[in-house]
Structure formats: structure tokens, C-alpha cells
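Let me begin by presenting the structure, written as C-alpha cells, before commenting on it.
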Ligand SMILES: [Zn+2]
């Protein structure tokens with residue numbers, strides 16, 4: 001299910017949705033080079049990552065849903081499983097969120113671009129042929 005060729009592979013590994021080989025982002029999240037530090041196009045198949053100006057505005061909806069889910073689940077766990085008060089629960093989840101939200105932001109873009117671009121196992125081969133010519 002998470003193998004190459006599945007959308008989940010591309011989404012969770014931040015890989016190009018077209019070839020599943022090139023990276024979406026130039027650096028890891030821990031390198032502090034910016035959350036949205038994306039390549040302009042795939043280094044392996046040449047797929048452009050910004051399909052049109054403002055393409056990633058739509059990823060905000062995905063990010064909103066993911067961060068809402070994180071807050072809901074996080075606060076529920078803190079209240080019902082850890083026995084914290086509501087204020088303590090929100091404080092804990094917000095502090096932990098400082099570490100999770102950059103990941104969610106990247107994840108939202110990865111989901112968004114995967115909604116529009118299909119996997120093509122021959123993409124890398126075709127791109128290399130085209131570049132040689
Ligand atoms: Zn690619």
C-alpha cells in the first residue's frame with residue numbers, strides 16, 4: 001500500500017507525484033531553510049511543482065483539516081487518557097503543535113499536488129530521452 005506507485009508513497013515521503021523519485025522539498029524540516037522550500041520542478045522527470053500561480057493556496061484547506069484533526073485528537077487524548085484539565089490540555093497540544101505544524105504544512109502541499117498529478121512509471125525514462133535530444 002505504501003509502495004512506489006501508490007499516492008500514499010508520494011505523500012508520506014514527499015516525493016514527486018509524477019515519477020515518485022525526485023524530492024518535493026530542497027531540504028529536510030530540521031535544516032531550518034524554510035518550511036516551503038520546494039524545487040521548482042522535479043529533478044528526475046521535469047514535472048513542474050507549481051502548476052499555476054497560487055497553486056498551493058488550496059493546500060490551506062488540507063492543512064486546516066489536518067491541524068484541526070491534530071487539535072481534536074490531541075486535546076481528547078490529553079483530557080480523557082491523561083486526565084489533564086481543559087486549559088492544560090490546550091497548552092500541551094499547542095506547545096507540541098509548534099513541532100508538528102511545519103510537518104502538517106508540508107504534508108498538506110504533498111496531498112494537494114497528489115490530487116492533481118498522476119503517477120507515471122515511464123516518466124523518468126521519457127524525460128531522460130527528451131533531455132538527451
Ligand atoms: Zn518526478
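The values are calculated or read from the model by the stated rules, or taken from the named source; none is laboratory data. If you're wondering where the values come from, they're calculated on a predicted model, not measured in any experiment. Note that each Cβ is placed from the backbone with ideal geometry, even for glycine, and that neighbours are counted across all protein chains shown.
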Note on segment 91-133: residues outside any helix (DSSP H, G or I), within 23 Å of the chain's Cα centre (by Cα) and farther than 16 Å from residue 49 by Cα are 121
Hits in segment 90-102 (condition: at pLDDT 90 or above and surrounded by 13 or more Cβ atoms within 10 Å (Cβ to Cβ)) | 90, 91, 92, 93, 94, 96, 97
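If you check residue 84 against the conditions, is it more than 29 Å from residue 123 (Cβ to Cβ), assigned to a loop (DSSP other than H, G, I, E, B) and more than 16 Å from the ligand (Cβ to nearest atom)?
Numbers: more than 29 Å from residue 123 (Cβ to Cβ): yes; assigned to a loop (DSSP other than H, G, I, E, B): yes; more than 16 Å from the ligand (Cβ to nearest atom): yes.
Here the answer is yes, as residue 84 does meet what is asked.
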Only one of 3, 46, 22 that is crowded, with 17+ Cβ neighbours inside 10 Å and out of contact with any strand residue (DSSP E or B) (no Cβ under 9 Å at 6 or more places or on another chain) | 46
Checked segment 1-43 for anything assigned to a loop (DSSP other than H, G, I, E, B), touching a residue at least 12 places away in the same chain (Cβ under 8 Å), within 14 Å of the ligand (Cβ to nearest atom) and on the phi < 0 side of the Ramachandran plot; matches are 4, 16, 17, 18, 19, 21, 22, 24, 39, 42, 43
